[in-house]
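So the structure is just underneath, and the comments pick up after that.
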Amino acid sequence: MSRTDENLKIAFANESQTNVEYLAYAHQAMEEGLMEMAQLFREAAGAEIVHALSHLKVMGVVKSTKENLREAAEGESLEILSMYPKFIEEAESEGREEAANSFRIAFEREKHHRSMFQQALKHMG
Ligand SMILES: [Fe+2]
Ligand SMILES: [Fe+2]
């Protein structure tokens, strides 16, 4: 992988993460009754999505819908089979119940996502 390919991966991850953080900051600003600050975070969050999508396009990650469904089902499978079970176990062993719960909630939903993608794949033939 070239330096630029590595940089695209890093930039994509950072922009995606920043988008979610800004949305969370907007939510917090609204709870504090600071609507203009919420608006500022939301607008910036929107721009970060544009940056992330642009990087993703250059990376060639987006393929045909059939290939995307297969890729998505595999990604969900990875989370279900290895990532979340390991994370839940480790959080429990460290007494991090809040983290374990957050992982558990996501883990349960990923099963639903995977089956939706698999059904859609079947539907496409
Ligand atoms: Fe950005
Ligand atoms: Fe998912």
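Things to note:
- Put a plus charge on the Cβ of each Lys and Arg, a minus charge on the Cβ of each Asp and Glu, and nothing anywhere else: the dipole of the range 65-124 about its Cα centre is then about 440 debye.
- Gain on full stretching of the segment that runs from residue 123 to residue 2 - 0.36 nm per residue minus C-alpha separation: 39.8 nm
- Positive dipole terminus of the range 65-124, leading residue within 78, 103, 116 (C-beta point charges): 116
- Nearby lysines by direct alpha-carbon distance to residue 122 (threshold 30 angstrom, same-chain neighbours under 8 apart not counted): 57, 63, 66, 86, 111
- As a calculated quantity, the FRET efficiency between residue 40 and residue 10 at R0 = 22 Å, using C-beta atoms, amounts to about 0.30.
- Between 19, 35, 7, the Cα set farthest toward the positive side of the dipole of the range 3-59 (charges on each charged residue's Cβ, about the Cα centre) is that of 7.
- Per-residue ellipticity at 222 nm from helix content only, as computed over the chain with -39500 (n - 2.57) for each DSSP H run of at least four residues, stands at -29500 deg cm²/dmol.
- Centre separation in Å (Cα based) which lies between the range 87-123 and the range 21-84: 18
- Angstrom value of the Kirkwood radius, inverse mean 1/r, which spans all Cα pairs in the range 3-59: 11.7
- Near residue 91, once Lys and Arg are set to +1 and Asp and Glu to -1 for all other residues with Cβ below 14 Å from its Cβ, the sum equals -3.
- Over 14 Å [Cα-Cα, the range 6-95], rounded percent: 75
Each value in this text was obtained by applying a stated rule to the coordinates, not by laboratory testing. What you are looking at is a predicted structure, and each value in this text was computed from that prediction instead of being measured. Cβ atoms come from the backbone with ideal geometry, glycine included; neighbour counts cover every protein chain shown.
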